[in-house]
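A quick write-up on the structure given underneath.
The values are calculated or read from the model by the stated rules, or taken from the named source; none is laboratory data. Everything numeric here is computed off the predicted structure, so don't read it as measured data. For neighbour counting, all protein chains shown are included, and Cβ atoms are generated from backbone atoms with ideal geometry for every residue, glycine included.
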Amino acid sequence: MSETDLTYIKPKIIENGLHAIIRMPSDGLKIVQLEKSKSINLGKFGTFDVDGILGFPFGQTFEVLDDRKVRPIGSTIYSTVDEAENEIETEIDNENRTPVLETLSEKIDYLKKLDIESSDSNRNLIDIGNSTQSLSMDEIETLKKTASGVNVGEAIIDKLIKSHVNFNMKTKQSQEKYLRRKQQKFLRRFTIDHISSSRLLQYYIEKDASKVLDMSEESLGLLLTLANIQPGGRYLVVDETGGLLLAAMMERMGGSGEILVVHENEHPNHFVLTQTDFPQALQDKMIKTINLLQFFEPENEKVEWTDLPQEELDQMKSSRKVHYHRRKQNVFQTNSAMDNAIKGNFDGLIIVSTLYIPTLLDKILEKAGGSRPVAIYSQFKEPLVETQIQSLNDLRLLAPTIHETRCRPYQTIPGRLHPLMSMRGGGGYVFSALRVFPIEDGVQAVGRGISRKKQKLDDRAPVE
Amino acid sequence: MSFLGYKEYIEEGDLVLAYLGRESMKPIIINSKETLNTRFGAFAHSDIVGKKYGSQIKGSKGYGFIHLLQPTAELWTLSLPHRTQIVYTPDSSYITQRLGITCGSRVIEAGTGSASFSHSLARTVSTKGTLFTFEFHKPRYEEAKREFEEHGLINDPVIINHRDVCKDGFEIPEVELKSTAIFLDLPSPWEAIKHLPKVISDDEKVGICCFSPCIEQVDLTIKALQEHGWTDIEMVEIQGRRWEARQTMVRQVDDAISRLKDVKTRKLEGIEKKRQYYANNNIKVEDLTPEQSDSNDEGSKKRKLKEEQEQTKVTKTEFNPFGRGLRIKEGDENYQWCKISKNEAEVKSHTSYLTFAFKTASTSTSSL
């Protein structure tokens, strides 16, 4: 096992074998593993060869050209009209003829400059719904078939604009918005980023939020912060996000420390981790799994192991030998995970689960070390409300708190800043507290018969 | 190393947070000769040494208690001396996650302010990364520097500079910053953005977050970001709330009706008793008018009234479904309760706008 297998450095360059997340103009996401001399199909946004993007830095945006080729460009959406106009003007001035336009975006900008007028206000704009658009769906489909490769998007947008009865009645701002919408639909561009916990989460939120218990990026960030995740920690985790929480924790632990994952099945299912680039050896070193039965009743679950005599091993068929060694390794791993559980004293207890929290917490809390955070995510507030009520009488927990955090996105255009009309609902709640050791024989709080006023200042229930 | 790593037992010289209450924590450096005096009693440091972190301890007089905690960036945020408006945990945790700040990141922060976010960032980047923090206000710079020293964070991972970044940029002699995440909490971040190209990583995607309370600041920031080639610009606002779990009594409408019936029954019983009392004592109702009362004999009047009250008394009811007049503790087993939650009395409705933007590695343009 080499040293590089046991550390994790975020890759900067797009390389063969790595995982990546592709963002399309529609904001749709796709997770891929890059394989040399294979191609990737982005549906209506085109197909391209992986070889064409290798060697570029992650974060790069490409435009799909003909013959599955790509060319690197600035960004997926051409942002403002002003910017576009300036560029085109200089090109026209320099050459005094129709400029050679290579990319789709340049063509669109040129088109906007030449053909399209805009209105100062929208008072002449009459909204008659779909009939303003004289180009029918059938015509668009035909265009898709007849126009070749890279020209598809351009041809469609060109036609759309020209056939849009009211387009020049729209204000510049709304023309811009219209174009942006059409670009999102028809441009053949994509941005390729490296897999990170945030991007994985975004992918699952869009694909099937129930897989990650509807957790928002802000809730994940808060959970990790409140849990005080750092390199070298020993954490006790219940994770029902398929390993997304584990991936986020591994990013913050930088290859050192230990995570004991307690799960409720015979085998854990960390499907998210298979989409990351954490070396398998590193995952094996940091993440140990154990089921609830093994965790809570290790005395009955320990497996005795005696090596078979060497002669017997020598006679085994190689396939059986492999099986024997795998079994031996499993037994040792599970036993050591159980020893770890018995040892307790974890540096943090992090739970993302649909199990009933009040009883789970009551049972598992003993294993958390002193002054260490307990951080629990729940999709719903009610189980956490019950948890907090229970915690107020549990002297092992200090400062139990329920947090809610919501990120409100804005339309981000200078001079026209406002919150977006709609945003994603849900996102979950986070419970936090600190594990403490109460004095065993109890203590008289200041205030009992000393000063009622002072008693009020203390928000902890006094111990009798 | 109080803020990085974990300790089980308290030793001489450790920084310990004495937890008195949610909003009241005292940072103390353990020195066996000293005593911590609080409104919950006196606590000798010598009694603290050797205790486990997380222990609850009794005051020297045998009553009153505190908890002994190992400091974390988040606890520090709650207890630190405010020199400026601070970045609270809902904002700081989101910024950290969205900018992809992890173990080993190289982060720029300006200004340092109360160093609340600095502690959180230092914890996350750890000694494998670096936090370059800049503060232009001399006294605040010195305070923050002293704190980083006391907290074992100075130089590794925190490098603090006294500097007006808007005027003089971010460059540090003989240090390649190569930062991948920038956080600007400045009155005019747009003046600092132009200095960034020299100090950001050129082979990785770089993220920036500008933290401004006014929308006019955001407007100027976006323009500056666009001008300097930042893309994917998006402004958001974080709304953090805390909920407090409570229990409210389940008061059934049928119980309220039953109580009214009970009141009515007892009222009728009282009237009946009075009627009989008057009849037995030959008192006519007309005699009871105030004009007729004999003002000369206050004593006998009072005596009579008392006698009347005693003889017509209705027995006290046992029926009290909602515990009226009693001091009922929330959650009392004799009553039914509904578990609810409520917001804090005062919520932070606006901290600041967060403007995010990203820049792809510049090697991409050279390869064109």
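Observations on the structure shown:
- Residue list for the stretch A:419-450, restricted to those being more than 9 Å from chain B (Cβ to nearest Cβ) and touching a strand residue (DSSP E or B) at 6+ places or on another chain (Cβ under 8 Å): A:Leu420, A:Met423, A:Gly427, A:Gly428, A:Val430, A:Phe431, A:Ala433
- Flag for A:Ala368 being without any contact (Cβ under 8 Å) to a residue 60 or more places away in the chain, in contact with a Lys or Arg (Cβ under 9 Å, 6 or more places away or on another chain) and either more than 8 Å from every other protein chain (Cβ to nearest Cβ) or not β-branched (Val, Ile, Thr) (or both): no
- B:Leu220 touching a Phe, Trp or Tyr at 6+ places or on another chain (Cβ under 7 Å) and away from chain A (no Cβ under 12 Å): no
- Residue that is in contact with a helix residue (DSSP H, G or I) (Cβ under 9 Å, 6 or more places away or on another chain), at pLDDT 95 or above, farther than 22 Å from B:Tyr94 by Cβ and among the hydrophobic types (A, V, I, L, M, F, W, C), where the choices are A:Ile389, A:Ile402, A:Ile376: A:Ile389
- Of all residues in the stretch A:317-336, those being assigned to a helix (DSSP H, G or I) and without any contact (Cβ under 8 Å) to a residue 24 or more places away in the chain number 13.
- Only one of A:Ala341, A:Ala375, A:Ala337 that is surrounded by 13 or more Cβ atoms within 10 Å (Cβ to Cβ) and over 16 Å from A:Phe295 (Cβ atoms): A:Ala375
- Residue list for the stretch B:58-91, filter: modelled with pLDDT of 85 or more and within 7 Å of chain A (Cβ to nearest Cβ): B:Lys58, B:Gly64, B:Phe65, B:His67, B:Leu69, B:Gln70, B:Thr72, B:Glu74, B:Thr89, B:Pro90
- Every residue from the stretch B:134-172 that is over 23 Å from B:Leu196 (Cα atoms) and among the aromatic types (Phe, Trp, Tyr): B:Phe148
- Selected residue (only one of B:Ala181, B:Ala144 is more than 24 Å from A:Cys407 (Cα to Cα) and among the small types (Gly, Ala, Ser)): B:Ala144
- Residue match in the stretch A:424-436 (condition: touching a residue at least 24 places away in the same chain (Cβ under 8 Å), crowded, with 17+ Cβ neighbours inside 10 Å and over 31 Å from the mean Cα position of the chain (by Cα)): yes
- Of the residues making up the stretch A:262-273, those that are surrounded by fewer than 23 Cβ atoms within 10 Å (Cβ to Cβ) and touching a strand residue (DSSP E or B) at 6+ places or on another chain (Cβ under 9 Å) are A:His263, A:Glu264, A:Asn265, A:Glu266, A:His267, A:Pro268, A:Asn269, A:His270, A:Leu273.
- Positions within the stretch B:92-102 being of a type outside the set (A, V, I, L, M) and crowded, with 24+ Cβ neighbours inside 10 Å, in sequence order: B:Ser92, B:Ser93, B:Tyr94, B:Thr96, B:Gln97, B:Thr102
- Criterion: of a type in the set (Phe, Trp, Tyr) and either modelled with pLDDT under 90 or surrounded by fewer than 17 Cβ atoms within 10 Å (Cβ to Cβ) (or both) - qualifying residue of A:Phe45, A:Phe56, A:Phe62: A:Phe45
- Verdict on B:Val250 being within 14 Å of another protein chain (Cβ to nearest Cβ) and either of a type in the set (A, V, I, L, M) or surrounded by fewer than 21 Cβ atoms within 10 Å (Cβ to Cβ) (or both): no
- Of residues in the stretch B:64-87 being touching a Ser or Thr at 6+ places or on another chain (Cβ under 7 Å), among the β-branched types (Val, Ile, Thr) and under 16 Å from B:Ser120 (Cα atoms), the one surrounded by the most Cβ atoms within 10 Å (Cβ to Cβ): B:Val87
- Candidate set: the stretch A:41-63, residues that are in a strand (DSSP E or B) and under 28 Å from B:Leu99 (Cα atoms); chosen: the one farthest from the other protein chains (Cβ to nearest Cβ): A:Glu63
- Residue in the stretch A:238-255 that is of a type outside the set (Ser, Thr, Tyr), over 24 Å from B:Lys205 (Cβ atoms) and in a strand (DSSP E or B) present: yes
- The C-beta contact set for the stretch B:1-28 (first residue within 27 Å of B:Arg242 (Cα to Cα) and within 9 Å of chain A (Cβ to nearest Cβ), second residue hydroxyl-bearing (Ser, Thr, Tyr) and in a strand (DSSP E or B), distance under 8 angstrom, 6+ apart or interchain) comprises B:Leu20/B:Thr38.
- The stretch B:29-53 - residue that is touching a Gly at 6+ places or on another chain (Cβ under 9 Å) and free of Cβ contacts under 8 Å to residues at least 40 places away in the same chain and, of those, nearest to the other protein chains (Cβ to nearest Cβ): B:Phe40
- The residue that is nearest to B:Ser341 (Cα to Cα), counting only those in the stretch B:222-238 that are assigned to a strand (DSSP E or B) and at pLDDT 95 or above, is B:Ile238.
- Look at (1) in a loop (DSSP other than H, G, I, E, B); (2) among the hydrophobic types (A, V, I, L, M, F, W, C); (3) in contact (Cβ under 8 Å) with a residue 40 or more places away in the chain and you find that A:Phe271 fails only one, number (3).
- Within this structure, B:Ile200 passes the test of being within 14 Å of chain A (Cβ to nearest Cβ), within 26 Å of A:His194 (Cα to Cα) and crowded, with 22+ Cβ neighbours inside 10 Å.
- You will find that of A:Asp362, A:Asp339, A:Asp314, the residue that is modelled with pLDDT of 95 or more and not in a loop (DSSP other than H, G, I, E, B) is A:Asp362 and no other.
- When the stretch A:200-238 is limited to residues that are within 14 Å of another protein chain (Cβ to nearest Cβ) and among the hydroxyl-bearing types (Ser, Thr, Tyr), the one that is surrounded by the most Cβ atoms within 10 Å (Cβ to Cβ) turns out to be A:Ser219.
- Among the residues examined, B:Glu109 does not qualify as more than 28 Å from B:Gly21 (Cα to Cα), crowded, with 24+ Cβ neighbours inside 10 Å and touching a His at 6+ places or on another chain (Cβ under 8 Å).
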